[in-house]
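Take a look at the structure set out below.
Coordinate-derived values only; no laboratory data. Fair warning: this is a prediction, and the values are worked out from it, not measured in the lab. For neighbour counting, all protein chains shown are included, and Cβ atoms are generated from backbone atoms with ideal geometry for every residue, glycine included.
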Amino acid sequence: MTPDRRVRASGRIGDESANASGWAGRRLHFIGIGGAGMSGLALVCARLGATVTGSDRADSSYMERLRAAGLDPLVGHDAANLPDGAEVVVSTAIGEDNPELALARERGVDPIHRGALLAELCAEKRLIAIAGTHGKTTTTAMVVWALRAIGADPAFFVGGEVPGVGEDGAAANAGWGEGEWVVAEADESDASFLGLRPEIAVVTNVEMDHHARWGSLEELRAAFTQFAAPAATVVAPASGELDGLFAGKDLVGFDETSPGPARLGLAVPGAHNRRNAHAALAAIGSSLGPGAEVAMGTAAQALASFPGVRRRLELKGSRGPVSIYDDYAHHPTEVRAALSALRELEPEHLLAVFQPHLYSRTKALAEEFGAALALADEVVVLDVYPAREQPVGELAGVSGLQVAQAAAERIGGRRVWWLPETGSAERALAAELDRPGILVTIGAGDVFRLGEALVEGEG
């Protein structure tokens with residue numbers, strides 16, 4: 001990489017009271033700093049007085065947010081990026097062949113996993129940790145939104161960008177408030193949530209999703225039991241679907257009607273979001289204790305203005321008579337929830353553009369993905385976004401075609417497109433967007449760029 005495209009980064013944000021916490025003497029280098037979780041950790045560490053540097057392979061909106069906060073992340077990985085004497089923070093996505101990580105190991109530096117750093121930060125306050133296969137990002141964001149409405153000022157770590165919670169009303173994925181609570185999304189994908197010690201543990205649901213990490217549903221359920229073990233209170237579905245996982249705990253149940261008002265006037269559609277909202281209210285009620293009816297009413301009312309999280313049923317714009325949405329869904333249950341929510345908007349025609357995420361997940365759940373996508377009137381399936389996987393060994397031959405075939409078998413003769421390449425999909429869709437309705441891009445990869453390109457191509 002040429003020198004003019006690399007900006008050496010070093011930043012410190014904070015005040016004297018923050019610096020007194022012990023973070024001021026630390027130098028932290030984040031490999032993969034542009035990720036949703038890593039960028040939030042970097043911002044908070046800098047806010048607490050640490051010297052923060054970092055790099056990522058590509059630019060992103062998270063990198064822009066780091067720059068706006070006074071940091072200068074490097075684009076591209078290079079051993080020269082690693083400062084002398086720095087602690088190194090990594091996520092599961094960083095391979096051992098990363099040149100910065102390799103140099104750190106040569107220097108005898110043991111990397112800190114992002115989950116361990118999150119646990120260290122969360123130990124500074126009372127912790128509400130939100131876990132679950134689905135809904136944890138939105139539920140976490142709702143807790144932060146509603147706590148602020150009742151006058152609390154929580155620290156928070158969310159695995160997505162939440163409009164309105166940053167400084168001056170900007171979007172943010174993390175912050176360090178002055179209140180007594182920290183609200184954190186707890187990630188089961190790599191078992192890092194087991195390092196947290198929540199006072200209030202929220203579990204939205206438990207399903208198999210990360211098949212490369214968890215060998216069975218029984219193993220995963222046992223991990224959620226371990227996650228909740230330190231908590232004084234566990235918030236879990238009232239339906240009984242998780243009965244037995246939290247024996248002996250102070251258990252607060254939630255469903256679509258309790259606690260709080262029977263009907264919440266949410267701006268975000270879908271039964272899954274109504275459920276998320278009641279989980280958030282249950283967590284807030286547990287943090288406030290008895291006699292907090294007025295505050296709970298205010299919290300419930302505040303959720304009516306909750307704008308949602310970016311990449312969660314996010315309206316990107318329109319192309320002619322078609323509204324274009326994007327959703328991060330990457331599990332059949334999430335795909336079904338997203339399409340069901342869009343059905344509540346009563347579109348004349350609902351077109352789903354799905355990009356499978358991970359070969360292992362696609363192999364395990366292709367049939368279930370096809371069944372979920374059949375809720376749309378028309379389906380386009382792209383090839384798999386590989387992320388950290390390759391289609392070799394047991395995953396050889398896996399592709400999005402299996403999902404397209406499964407959808408075609410269930411969609412009742414309606415049209416299913418197999419368009420592996422994003423470019424060809426964009427060209428094909430641009431010629432079809434003359435019928436009023438909704439197009440939604442779905443997946444945890446880069447499929448959102450296709451929707452953005454369709455919006456930008458208007459006119």
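Rounded if a/c is under 1.5, else prolate if a/b beats b/c, else oblate: with a ≥ b ≥ c from the C-alpha gyration tensor eigenvalues square-rooted, which is region 392-435?
Numbers: a/c = 5.81, a/b = 1.46, b/c = 3.97.
Note, shape of region 392-435 comes out oblate.
What percent antiparallel are the DSSP beta bridges of the chain, to the nearest 5? Mind dumping the intermediate values first?
Working: 9 of 60 bridges.
DSSP beta bridges in the chain are roughly 15 percent antiparallel.
Could you please report the charge total around ARG114, scoring K, R as +1 and D, E as -1 over all other residues with beta-carbon less than 10 angstrom from its beta-carbon? Intermediate results must be reported in sequence, preceding the final value.
Details: positive: none; negative: ASP187, ASP190.
Net local charge, ARG114 excluded: -2.
Check VAL309: other-chain or 5+ apart residues with amide H under 5 Å from its amide H, H built from backbone geometry?
none
Enumerate lysine pairs in the chain that are 8 or more residues apart or on different chains, then count those whose Cα atoms are under 28 Å apart. Mind showing how you got there, number by number?
Numbers: LYS125/LYS136; LYS125/LYS249; LYS136/LYS249; LYS136/LYS316; LYS136/LYS363.
The number of close lysine pairs in the chain is 5.
Return the long-range amide H neighbours of ALA131 (sequence gap of 5 or more, or a different chain), with a cut-off of under 5 Å between placed amide H atoms.
ALA186, VAL202, VAL203, THR204
Rounded, prolate or oblate: pick one for region 189-247, where a ≥ b ≥ c are the square roots of the eigenvalues of its C-alpha gyration tensor, a/c under 1.5 means rounded, and failing that, prolate if a/b is larger than b/c, else oblate. Before the final figure, lay out each step's value.
Working: a/c = 2.10, a/b = 1.26, b/c = 1.67.
In terms of gyration-tensor shape, oblate.
For the chain, what is the mean residue ellipticity at 222 nm derived from helices alone (per DSSP H run of n ≥ 4: -39500 (n - 2.57); sum divided by total residues; nearest 500 deg cm²/dmol)?
Details: 14 runs with 150 residues, N = 459.
Dividing the helical sum by the residues of the chain leaves -10000 deg cm²/dmol.
Assuming R0 = 41 Å, what is the FRET efficiency of GLU348 and ALA304, from their Cβ-Cβ distance, to the nearest 0.05? All intermediate terms of the calculation are to be shown ahead of the outcome.
On the way: r = 27 Å, r/R0 = 0.67.
Plugging the Cβ-Cβ distance into 1/(1 + (r/R0)^6) gives 0.90.
Rank these for me by crowding, CYS122, CYS45, going from fewest to most other beta carbons within 10 Å. Walk me through the numbers before you get to the answer.
Values: CYS122 22, CYS45 26.
So the ranking, lowest neighbour count to highest, is CYS122, CYS45.
Taking the number of other C-beta atoms within 10 Å as the exposure measure, put THR225, THR362 in order starting with the fewest.
Numbers: THR225 18, THR362 26.
Fewest-to-most ranking of THR225, THR362: THR225, THR362.
Shape of region 215-346 from its Cα gyration tensor (a ≥ b ≥ c, root eigenvalues): rounded if a/c is under 1.5, otherwise prolate when a/b > b/c, or oblate? It would help to have the intermediate numbers written out before the result.
Values: a/c = 2.62, a/b = 1.36, b/c = 1.92.
It comes out oblate by the Cα gyration axes.
Using 0.36 nm per residue of separation minus the Cα-Cα distance, give me the extension gain between ARG27 and GLU120 in nm, one decimal. Please list the in-between numbers first.
Values: separation 93, 0.36 × 93 = 33.48 nm, distance 1.51 nm.
Full extension from ARG27 to GLU120 adds 32.0 nm.
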